[in-house]
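Trainee: Let me give you the structure first, and then I'll get to my questions.
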Amino acid sequence: MAVSYKAVSGKTYSLFGSDTSTDLYFRTIRTIADSLLVLCPDPRTLLLHVQKAGGMRFKKGSDYAPDDALIAHIRKTLHDALHAYTQAVREHLKGIPFSQRFDKTIGTKEEGYHLYMLEIELVNRIYREAFRKSDYKFALLPHCLRDFRPQCKSVPGDMEYICMGCTEDCFVRLGSRLLKKYGIEPYISVTTDQERLFRRLKEEHPNIGALGIACIPELAQAMRLCINLGIPPIGIPLSANRCARWMRQAYETSFSLEELEELI
Ligand code: SF4
């Protein structure tokens, strides 16, 4: 049965843009990555340039050599192609208290979203094979996909919550079913200390791969954490950020099941 998606706007971004599907977004980010890889053929080096553009600091003695002209080109290319998806960021930033301006998620600037979008695409390309070859693969789906459902029947599992499939069109259920088909254990993410969780999992399963579904800033940051811990990550961004953290109460959101299946 074909899944129907409702075009929604998020607090800061929506991958629908002004369209009725997120297909154009995914085509756009792939085209951008392809064009930048012509200028910088090594995806890992390109990823470092993208992270440098976002303000990442590199240790003294690191092999990384910034390419200022390429970084300027990346910034310009991203803004022109992706502004349509992030038009609400500026208004959001005007409305947050000073204390949240430096929050690495809530305070992400528009350019930060664009860089994270490209980072997610590059990380998927770099780590997809390693993820697929991992002996143990798990996925974390965001709790916000179920928060607004008072009848949610999910239960605590061995690591995080597990969906019991109570509601036909719930995206957690749809995603979990697809993930299981490909041998990936799905969980609903409720733990706030992800680093501790990932360290524990890495100890229990040395050859482990992680798949994340989350809003853009949280997905990109979780991918960095996984890479630092030696866990190959891949992920799909939520179509829009609409959870209580962003909007005071949780509103329905989605992610592209087609993109997820393509990725895994
Ligand atoms: S399908 Fe799963 S996640 Fe969705 S409401 Fe039911 S138990 Fe909760």
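We did not get these values from a lab; they are worked out from the coordinates using the rules stated. What you are looking at is a predicted structure, and each value in this text was computed from that prediction instead of being measured. Here Cβ is always computed from backbone atoms with ideal geometry, including for glycine, and neighbour counts include all displayed protein chains.
Trainee: Need the full-extension length gain, residue 57 to residue 168, defined as separation in residues times 0.36 nm minus the C-alpha distance. One decimal, nm. All intermediate terms of the calculation are to be shown ahead of the outcome.
Mentor: Working: separation 111, 0.36 × 111 = 39.96 nm, distance 4.56 nm.
Gain on stretching residue 57 to residue 168: 35.4 nm.
Trainee: What is the list of residues in the stretch 118-145 whose amide nitrogen lies under 18 Å from a point 7 angstrom out from the Cα of residue 44, following Cα to Cβ?
Mentor: Residues 119-134 qualify, since their backbone N sits under 18 Å from the label point.
Trainee: Under the rule of -39500 (n - 2.57) per DSSP H run of 4 or more residues, summed and divided by the residues of the chain, what mean residue ellipticity at 222 nm is obtained, to the nearest 500 deg cm²/dmol?
Mentor: On the way: 11 runs with 124 residues, N = 264.
My calculation for the chain gives -14500 deg cm²/dmol from helical runs alone.
Trainee: Of the cross-linked pairs 52/181; 59/202; 11/76, which ones have a Cα-Cα span greater than 27 Å in the structure shown? Walk me through the numbers on the way to the answer.
Mentor: On the way: 52/181 37 Å; 59/202 25 Å; 11/76 24 Å.
Pairs exceeding 27 Å: 52/181.
Trainee: For the peptides 157-170, 88-101, 215-228, what is the packing order when you average, over each peptide's residues, the other Cβ atoms within 10 Å and list the highest mean first?
Mentor: Numbers: 157-170: 15.1, 88-101: 12.0, 215-228: 21.7.
Ranked from most to least packed, the peptides come out as 215-228, 157-170, 88-101.
Trainee: Taking H as built 1.01 Å from N, whose amide H comes closer than 5 Å to the amide H of residue 209, not counting residues under 5 places away?
Mentor: HN-HN under 5 Å from residue 209: 136, 137, 138.
Trainee: Just how large is the dipole of the chain about the Cα centre, in debye to the nearest 20, putting +1 at every Lys and Arg Cβ and -1 at every Asp and Glu Cβ?
Mentor: On the way: 36 positive and 32 negative charges, 119 e Å.
That gives a dipole near 580 debye.
Trainee: Right, another one. Taking H placed 1.01 Å from N in the peptide plane, check which residues at least 5 places from residue 214 or on another chain put their amide H under 5 Å from its amide H.
Mentor: Correct list: 236, 238.
Trainee: Within 12 Å, Cβ to Cβ, of residue 52, how many net charges do the neighbouring residues add up to if Lys/Arg are +1 and Asp/Glu are -1?
Mentor: On the way: positive: 57, 75; negative: 67, 68, 119.
Neighbourhood net charge equals -1.
Trainee: So, one more: With each label point set 7 Å from Cα along the Cα-Cβ vector, what nm distance links residue 64 and residue 91?
Mentor: For residue 64 paired with residue 91, the spin-label model returns 3.4 nm.
Trainee: Same structure, new question: Can you give the local net charge around residue 225? Use residues other than it whose beta-carbon is closer than 15 angstrom to its beta-carbon, Lys and Arg +1, Asp and Glu -1.
Mentor: Working: positive: 104, 196, 199, 200, 202, 224; negative: 119, 193, 195, 218.
Value of the local net charge: +2.
Trainee: Hey, another quick one. List, in order, the whole-Hz ³J(HN,Hα) value for each residue of the stretch 138-146 obtained from phi through the Karplus relation with A = 6.51, B = -1.76, C = 1.60 and θ = phi - 60°; use x for Gly and Pro.
Mentor: 10, 10, 10, 9, x, 4, 5, 5, 10
Trainee: With θ taken as phi - 60° and the coefficients 6.51, -1.76 and 1.60, list the Karplus ³J(HN,Hα) couplings across the stretch 241-248 in order, rounded to whole Hz; mark glycine and proline as x.
Mentor: Values per residue, Gly and Pro as x: 8, 9, 7, 4, 4, 9, 10, 6 Hz.
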